[in-house]
Amino acid sequence: MKKNLRKLVAVGLLVLVIGVIVKIPARVALQLVPDSVLISGASGTIWNGRAGAVLVSGIYLRNVEWRTKPFGFLTGKLALGIRAAPASGFVESDLALGLNGAATLSDLNASIPLSVFADAINVPNLSGSTSLQFDYLTVLDGVPTSASGTVQIADMTVPMVHPGSLGGYTLEFSDFENGVIASIEDTDGVVDIAGTLTLADDRSYSLLAQLAATSTTPAELTRQIEFLPDGNAAGQHELRLEGSL
């Protein structure tokens, strides 16, 4: 009897806590958000609300809507279903916020202009389009720490590399040691590329790829590729970049 009573009390307290959370205005709850995240036009409640604009890690989103998923509290996380819009396109995902500050996106489906990421990755005038489909993507302090999903890039333009379109590429992300790794392949790119991008949780990154000019590669790009380390037997040249985010 006492055991059942304790369970009833626990359930009652949980319902009470959830009931209080339901009524917390969004503008009050969002005061707990880190200063690195800028939010404007918040309305509704922490349970069901929206924000006119959100700027995080250099990425701007508008018309952000969320709905709290109560079962997330049982795992010690704030779980939300979110929808948002960049300059064009859409973002849909479930979001779980852990006590350590980690944010995990699951069932992520998005279509986003590449220009949204230009400031975040410091590539001026980046353009093109990208679609993202992830089973999960965990980010801590602005760095991906766990991921399983695909990024499709189309009609990419990087003026600092070449003024014209570089075509399309695919990145397949998965977990790797102390971070994530992505395989990179061209789909209809003007350069034949196969490589890997590694992102470590200490914010370091490493890009290792083999490049080769094709019949569609502009002459200017072909000359740039030829300046890379000597090609292998297949006529490919090595591109290696390392640094920190």
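Please treat every number below as a calculation from the coordinates, not as lab data. Predicted model, so just to flag it, every value in this text is computed and none were measured. Ideal geometry is used to build each Cβ from the backbone, glycine not excepted, and the neighbour counts take in all protein chains shown.
What distance in nm separates the simple spin-label points at residue 240 and residue 135, each placed 7 Å from Cα in the Cβ direction?
In this crude spin-label approximation the distance works out to 3.3 nm.
Restricting to DSSP loop positions (anything but H, G, I, E, B) with no more than 13 other Cβ atoms inside 10 Å of their own Cβ, which chymotrypsin sites (Phe, Trp or Tyr not before Pro) remain in the range 141-244?
227
Between residue 215 and residue 194, what is the label-point separation in nm under the 7 Å Cα-to-beta-carbon projection?
Output for this residue pair reads 2.0 nm.
Mind checking the full-extension length gain between residue 183 and residue 207? Use 0.36 nm per residue of separation minus the Cα-Cα distance, one decimal, nm.
That pair, residue 183 and residue 207, stretches by 7.6 nm at full extension.
Can you give me the long-range amide H partners of residue 194? Hydrogens built in the peptide plane at 1.01 Å from N, cutoff under 5 Å, separation of 5 or more residues or another chain.
Under 5 Å from the amide H of residue 194: 210.
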